[in-house]
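Structure record follows, encoded as C-alpha cells.
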Amino acid sequence: MRILLSALLLATGVAQASAAEGKLVLYTSQPNTDAQQTADAFMAKNPGVTVEWVRDGTPKILSKLQAEIEAGQPQPDVLLIADVVTMEGLKAQGRLMAYPEANVAAFDAGLMDKDKTYFSTKLITTGIVYNTKAPFVPASWEDLARTEAKNLIAMPSPLTSGAAMIHTVTLTGNLAGGWDFYKQLAENGAVAAGGNGDVLKAVSGGDKLFGMIVDYMPMREKAKGAPVEFVFPKEGVSAVTEPVAILSTAKNVEAAKAFIDFILSEEGQKLAVSQGYIPALASAGLPAGYPERSAIKVLGYDAAATLANDAANKEKFSEVMGQ
C-alpha cells in the first residue's frame with residue numbers, strides 16, 4: 001500500500017510540475033522593474049513557463065484590452081492592475097475567470113472578491129509627498145490649500161490614472177469639504193497631470209514642493225537619497241490593492257493559476273515587501289520606513305458607485321480643476 005501511495009503521489013507531483021508550462025501573457029500596471037522582477041521570480045518557480053508582459057497605466061491597459069476584445073483577440077492570460085473598480089467592471093462583463101481553489105485563507109477576507117474572480121495583492125496608499133525644501137511640513141490634506149503652497153502642488157490626474165480616480169473619490173467622499181476641497185486646490189494653483197511618476201519627478205526635482213502620490217515611490221526615492229518625505233495625513237489615506245485576475249479568455253489557464261498561486265504565496269508576498277510595498281498578507285512583514293499597519297488609517301469608498309459614476313466623476317474633476 002505504501003508503495004502504491006508513493007507511486008500515486010509521485011505521479012501527482014509529476015502532473016503538477018508539468019501542468020504549468022508554455023507562454024503566459026501578463027498585462028500589468030506595475031512599474032517596469034517590478035514587473036520584470038515578478039516575472040523572473042515566477043519563472044524561477046515555474047521553469048516550464050515563459051512570461052511575456054505588457055506594462056502601462058491601468059486605463060491604457062484597459063483600453064488596449066477592450067480593443068483586443070472588440071477585435072475578437074484578447075491577448076492576456078492574467079491581469080495585475082491597480083484597482084478593484086476596474087476588476088469589478090471586467091467581472092460584470094464576464095471577462096474574469098473564477099479560481100475557487102485559490103488559497104486565500106491567510107488573508108483578510110475583506111481584501112478578496114467573494115467569488116474569487118480577482119485577488120488583492122498589496123495595499124498601496126496615497127498620501128502627501130513634499131520636498132525637504134518645502135516651507136512647511138504638511139500633516140493634513142487641508143495643508144495643501146495653505147497660501148505657502150500656492151503654485152507648488154502636483155497631483156496625478158484621475159483622467160489618466162485609475163488609482164488617482166479612487167483617491168479623488170475617496171477624498172471627496174470623506175473630507176468635510178467634498179469637491180470644495182478640490183476647488184481650493186485649483187484656486188491654489190495645483191496642477192493635475194499624468195501619473196504618480198510625474199508627480200515624483202516634479203517634487204523630487206524641485207519644480208513643485210508638494211504632491212499627492214502613492215506611498216512606495218517617495219519611500220524608494222528617499223532611500224536612494226532623493227530630497228523627499230512621505231506623509232500619511234491625519235484624516236487618513238486612500239488605498240488601492242493591485243488585484244490579480246485570470247481572464248475568461250485565457251489561453252494558458254494552468255499557468256495563469258500557477259501565477260495567482262505564486263503571487264498569493266508567502267514567497268510572492270515577501271517579494272512585494274522587497275519591492276517596497278505593503279503586502280496583502282500581514283504576516284509577510286513591512287518594507288523599511290513604513291509605520292505599523294495599525295497606525296495607517298485607510299479611508300473607505302464605494303467601489304460599485306465609483307464604477308457607475310466614473311464618467312460623471314471625470315467630468316466633475318475636469319470642471320473643478322478647469323481642465
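Taking the criterion of being in a helix (DSSP H, G or I), touching a Phe, Trp or Tyr at 6+ places or on another chain (Cβ under 8 Å) and touching a residue at least 60 places away in the same chain (Cβ under 8 Å), the residues of the stretch 144-164 that qualify are Leu144, Ala149. Each residue in the stretch 51-107 was checked for being open to solvent by 50 Å² or more (accessible area, probe 1.4 Å) and aromatic (Phe, Trp, Tyr), and 1 of them qualify.
Summed over the stretch 31-50, the residues that are open to solvent by less than 20 Å² (accessible area, probe 1.4 Å) and under 22 Å from the mean Cα position of the chain (by Cα) give a count of 5. Within the option set Ala245, Ala304, Ala288, being touching a residue at least 12 places away in the same chain (Cβ under 8 Å), assigned to a loop (DSSP other than H, G, I, E, B) and farther than 14 Å from Leu123 by Cα holds for one residue only, Ala288.
A single entry from Thr132, Thr126, Thr160 fulfils the requirement of being under 19 Å from Val237 (Cβ atoms) and β-branched (Val, Ile, Thr): Thr126. For Lys257, the stated conditions do not hold, so it cannot be described as at pLDDT 95 or above, farther than 30 Å from Lys150 by Cβ, open to solvent by 30 Å² or more (accessible area, probe 1.4 Å) and in contact with a Leu (Cβ under 9 Å, 6 or more places away or on another chain). Under the condition of being open to solvent by 20 Å² or more (accessible area, probe 1.4 Å) and closer than 18 Å to Val231 by Cα, the residues counted in the stretch 175-195 number 0. Does the stretch 295-302 contain at least one residue that is more than 19 Å from Val169 (Cβ to Cβ) and out of contact with any Phe, Trp or Tyr (no Cβ under 7 Å at 6 or more places or on another chain)? The answer is yes; a qualifying residue exists.
This table checks each residue for (1) closer than 30 Å to Pro74 by Cβ; (2) of a type in the set (Gly, Ala, Ser); (3) surrounded by fewer than 21 Cβ atoms within 10 Å (Cβ to Cβ).
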{"site": "Lys150", "(1), (2), (3)": "no, no, yes"}
{"site": "Thr170", "(1), (2), (3)": "no, no, no"}
{"site": "Gly197", "(1), (2), (3)": "yes, yes, yes"}
{"site": "Leu200", "(1), (2), (3)": "no, no, no"}
{"site": "Pro218", "(1), (2), (3)": "no, no, no"}
{"site": "Lys222", "(1), (2), (3)": "no, no, yes"}
{"site": "Gly225", "(1), (2), (3)": "no, yes, yes"}
{"site": "Gly236", "(1), (2), (3)": "no, yes, yes"}
{"site": "Pro243", "(1), (2), (3)": "yes, no, no"}
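The values are calculated or read from the model by the stated rules, or taken from the named source; none is laboratory data. Note that the structure is a prediction, hence the values are computed from the model and not measured. Don't worry about glycine lacking a Cβ; one is built from the backbone with ideal geometry, like all the others, and counts go over all protein chains shown. Just the protein is used for accessible areas: all its heavy atoms, side chains included, with ligands, DNA and RNA removed. Shrake-Rupley method; radii C 1.70, N 1.55, O 1.52, S 1.80 Å.
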